[in-house]
Amino acid sequence: MACVLETPLRMSVLSEVTASSRHYVDRLFDPDPQNVLQGVIDMKNAVIGNNKQKANLIVLGAVPRLLYLLQQETSSTELKTECAVVLGSLAMGTENNVKSLLDCHIIPALLQGLLSPDLKFIEACLRCLRTIFTSPVTPEELLYTDATVIPHLMALLSRSRYTQEYICQIFSHCCKLRHWHSCGFKSSPQPLLCANGPDHQTVLFNHGAVQNIAHLLTSTSYKVRMQALKCFAVLAFENPQVSLTLVNVLVEGELLPQIFVKMLQRDKPIEMQLTSAKCLTYMCRAGAIRTDDTCIVLKTLPCLARMCSKERLLEERVDGAETLAYLIEADIELQRIASITDHLIAMLADYFKYPSSVSAITDIKRLDHDLKHAHELRQAAFKLYAALGANDEDIRKKIIETENMMDRIVNGLSESSIKVRLAAVRCLHSLSRSVQQLRTSFQDHAVWKPLMKVLQNAPDEILVVASSTLCNLLLEFSPSKEPILESGAIELLCSLTQSDNLALRVNGVWALMNMAFQAEQKIKADILRGLSTEQLFQLLSDSDVNVLMKTLGLLRNLLSTRPHIDQIISTHGKQIMQAVTLILEGEHNVEVKEQTLCILANIADGTTAKELIMTNDDILQKIKYYMSHSNAKLQLAAMFCVSNLIWNEEEGSQDRQDKLRDIGIVDILHKLSQSSDPNLCDKAKTALQQYLA
């Protein structure tokens with residue numbers, strides 16, 4: 001790919017280029033090698049800290065010439081080294097500079113340079129590679145294209161403290177995760193996906209990254225120690241294999257976790273404390289360190305809580321809160337400990353007031369930076385509140401009682417930043433698990449309104465959490481249920497059940513199931529109309545058991561109270577019976593079959609609906625079969641069907657009893673009345689009494 005820009009643009013830029021810039025490039029073509037060297041050195045001095053000069057030289061075609069000189073066998077080592085230094089300086093400019101360098105295939109040229117025997121040249125190439133790979137525009141894959149590169153970099157680690165620092169920095173920026181889960185959030189420094197083939201963590205691990213980098217944690221150079229630490233953080237994240245290895249690594253007689261604990265002590269630089277806390281957090285979440293280990297409870301958690309204080313810089317507070325959220329996300333005991341550490345719940349409220357008009361920031365640059373990044377604080381606070389309130393009712397109450405909390409969440413739901421919106425929805429979802437709050441705070445602030453708005457045209461990751469929250473707002477005791485119904489929720493939820501995204505299908509059906517619970521006939525009819533018979537069947541044949549179970553739960557809730565049962569069976573009876581037959585004949589687990597038999601029991605409770613079962617010999621045989629099944633749950637569910645069919649006080653009960661006696665049901669009831677299972681025994685005796693009455 002050509003490195004120069006298109007002609008029209010080039011002309012407009014060139015008109016501003018000074019004669020001296022052109023003079024620098026011209027000197028690179030001088031026939032005298034000494035003049036070329038001096039030209040490169042002068043160019044180096046001219047570009048330091050001067051972005052305009054860097055851009056001019058790139059436009060004038062300096063990069064291909066510098067790369068040519070860097071790769072020429074006839075170039076002296078000193079010239080090659082100076083070329084690498086200038087290229088590194090150009091890379092330090094804007095992202096566009098880095099793109100121009102990448103277009104000129106700088107990475108293969110620099111990697112080739114690492115084969116040189118000269119250490120100064122190797123260091124200059126590594127420094128330039130470090131600058132390029134730490135730029136967001138550089139694809140990490142470029143480090144892994146040639147399989148010989150990683151082992152060679154591992155071998156260079158022992159050459160000098162500079163090779164150690166730069167290589168570790170390259171590794172920590174080029175180690176991306178292949179996957180990442182849709183549930184829960186991640187506070188990782190690498191939320192990107194990598195291409196096919198082994199993921200980066202595995203490649204580095206298999207080439208001995210742990211053994212080669214571990215001893216660098218005791219280096220005399222702070223920068224080396226720091227970069228090694230960052231390497232371990234990205235290697236351990238969500239990786240049980242690496243994490244379980246790290247736990248047992250010895251460095252100068254000490255285990256790695258002990259070294260990490262020393263590095264998060266208060267007298268260490270904040271960056272070191274935070275990164276060590278990340279290493280221990282990731283090892284804990286990957287299952288290599290127990291959540292009740294003192295290094296987590298007494299060291300890591302308090303260190304991360306300290307990072308949330310208003311004395312810390314914005315990025316430290318963001319990092320601290322997000323990492324702490326990730327640490328406690330799945331453990332109720334850690335959530336309880338965190339909630340009473342350093343007044344954390346109140347401290348997080350300050351994240352929403354920053355920077356304030358009376359901010360103590362006197363550095364204008366810092367203030368400008370923080371104003372641009374204040375949304376990251378809000379995102380981090382929502383994430384940590386969500387993790388804190390995931391399980392404990394008292395903690396949720398404390399969070400909601402924090403000043404203006406519900407208003408802040410409502411505002412967060414409509415922020416322009418998608419990350420803040422997602423974090424606010426997560427926080428709302430966490431708090432919506434509280435029956436008390438659903439009845440009070442959620443109603444007082446009409447939270448359902450902004451939530452319904454979020455559900456319109458949101459990306460899937462927000463839709464998944466927002467629809468989970470909606471499921472909770474639709475529970476029968478939630479006062480929000482009525483207004484949500486009136487705002488067109490049925491149509492929205494029915495459309496979710498058709499999504500390709502599994503989590504959205506589950507949530508769509510789940511919310512409809514909650515909506516149908518003890519609902520009036522009109523709502524049930526609207527749900528059936530919105531879903532259509534075809535879609536209902538689609539859901540009943542879904543390959544995911546969660547979708548199937550929730551759909552059966554929905555059917556069961558639709559088929560409750562006699563008038564509703566009779567009404568629905570009169571319009572959809574044939575299709576429902578077809579679905580029931582298919583499931584009872586299919587390869588499904590006990591829970592699925594039990595739920596299906598319960599649907600039959602509900603149908604059997606209808607007045608006219610009963611006849612649909614009584615006239616279907618195939619279904620009657622299936623009920624009989626499940627009464628003698630080896631699983632007591634299925635036997636019990638089948639008996640409910642029988643009881644509802646033979647109940648004495650109902651019209652036509654005598655005929656139904658006779659028919660069931662004829663197919664051998666009474667014999668099975670006699671057998672079951674002798675059962676050692678008290679539930680089965682009682683149910684069978686009650687049914688037999690209907691025959692005697």
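A single member of L110, L102 is part of a helix (DSSP H, G or I), more than 30 Å from the chain's Cα centre (by Cα) and crowded, with 22+ Cβ neighbours inside 10 Å, and it is L110. Filtered by the rule that a residue be open to solvent by 60 Å² or more (accessible area, probe 1.4 Å) and either part of a loop (DSSP other than H, G, I, E, B) or modelled with pLDDT under 80 (or both), the stretch 334-364 gives I340, D342, H343, S357, V358, A360, T362, D363. Residues that are in contact (Cβ under 8 Å) with a residue 12 or more places away in the chain, over 54 Å from the mean Cα position of the chain (by Cα) and open to solvent by 40 Å² or more (accessible area, probe 1.4 Å) do not occur anywhere in the stretch 672-691. Scanning the stretch 306-351 for residues that are small (G, A, S) and within 22 Å of the chain's Cα centre (by Cα) yields G320, A321, A325, A330, A338.
Close Cβ contacts (under 7 Å, 6 or more residues apart or on different chains) running from residues in the stretch 406-426 that are touching a residue at least 12 places away in the same chain (Cβ under 8 Å) to residues that are assigned to a helix (DSSP H, G or I) and of a type in the set (D, E) comprise L422/E461. Selection of the stretch 55-66 for residues being open to solvent by 10 Å² or more (accessible area, probe 1.4 Å), free of Cβ contacts under 8 Å to residues at least 60 places away in the same chain and outside any loop (DSSP other than H, G, I, E, B) yields A55, N56, I58, V59, R65. Note on the stretch 433-481: among residues that are open to solvent by less than 10 Å² (accessible area, probe 1.4 Å) and among the hydroxyl-bearing types (S, T, Y), the one that is nearest to L504 (Cα to Cα) is S467.
Within the stretch 594-624, the set of residues being touching a Gly at 6+ places or on another chain (Cβ under 9 Å) and either more than 15 Å from L645 (Cβ to Cβ) or touching a residue at least 60 places away in the same chain (Cβ under 8 Å) (or both) comprises Q595 only. Just the residues that are open to solvent by 10 Å² or more (accessible area, probe 1.4 Å) and either under 37 Å from the mean Cα position of the chain (by Cα) or free of Cβ contacts under 8 Å to residues at least 40 places away in the same chain (or both), please, taken from the stretch 546-560. Result: N546, M549, K550, R556, N557. The number of residues in the stretch 381-406 that are under 14 Å from Y326 (Cβ atoms) and either in contact with a strand residue (DSSP E or B) (Cβ under 6 Å, 6 or more places away or on another chain) or not in a helix (DSSP H, G or I) (or both) comes to 1. Which residues, counting only those in the stretch 241-255, are free of Cβ contacts under 8 Å to residues at least 12 places away in the same chain and among the aliphatic types (A, V, I, L, M)? Within the stretch 241-255, L250, L255 qualify. Only one of the numbered conditions (1) surrounded by 14 or more Cβ atoms within 10 Å (Cβ to Cβ); (2) not in a helix (DSSP H, G or I) is violated by V410, and that is (2). Residues being among the basic types (K, R), in contact with a helix residue (DSSP H, G or I) (Cβ under 9 Å, 6 or more places away or on another chain), over 20 Å from H343 (Cα atoms) and surrounded by fewer than 18 Cβ atoms within 10 Å (Cβ to Cβ) are entirely absent from the stretch 294-315. Remark: pairs (first residue in the stretch 149-178, more than 14 Å from C231 (Cα to Cα) and open to solvent by 20 Å² or more (accessible area, probe 1.4 Å); second residue of a type in the set (A, V, I, L, M, F, W, C) and assigned to a loop (DSSP other than H, G, I, E, B); Cβ separation under 7 Å; 6+ apart in sequence or on different chains) = H152/L114; R178/L193; R178/C194. Filtered by the rule that a residue be open to solvent by 20 Å² or more (accessible area, probe 1.4 Å) and among the hydroxyl-bearing types (S, T, Y), the stretch 209-246 gives T218, S219, T220, Y222, T245. Taking the numbered list (1) modelled with pLDDT of 90 or more; (2) open to solvent by 50 Å² or more (accessible area, probe 1.4 Å); (3) within 44 Å of the chain's Cα centre (by Cα) in turn, P563 passes all entries but (3).
For the subset of the stretch 251-268 comprising residues that are assigned to a helix (DSSP H, G or I) and not hydrophobic (A, V, I, L, M, F, W, C), which member is surrounded by the most Cβ atoms within 10 Å (Cβ to Cβ)? Among residues in the stretch 251-268 that are assigned to a helix (DSSP H, G or I) and not hydrophobic (A, V, I, L, M, F, W, C), the one surrounded by the most Cβ atoms within 10 Å (Cβ to Cβ) is P257. Every test in (1) surrounded by fewer than 19 Cβ atoms within 10 Å (Cβ to Cβ); (2) farther than 18 Å from L559 by Cβ; (3) touching a residue at least 12 places away in the same chain (Cβ under 8 Å) is passed by D500 save one, and that test is (3).
Taken over the stretch 113-136, the criterion of being part of a helix (DSSP H, G or I) and not aliphatic (A, V, I, L, M) is satisfied by G113, K120, F121, E123, C125, R127, C128, R130, T131, F133.
The values are calculated or read from the model by the stated rules, or taken from the named source; none is laboratory data. Here the structure is a predicted model, which means the values were calculated and not measured. Virtual Cβ from ideal backbone geometry, glycine too; neighbours counted across all protein chains shown. Note: areas computed on protein heavy atoms with side chains; ligands, DNA, RNA excluded. Shrake-Rupley method; radii C 1.70, N 1.55, O 1.52, S 1.80 Å.
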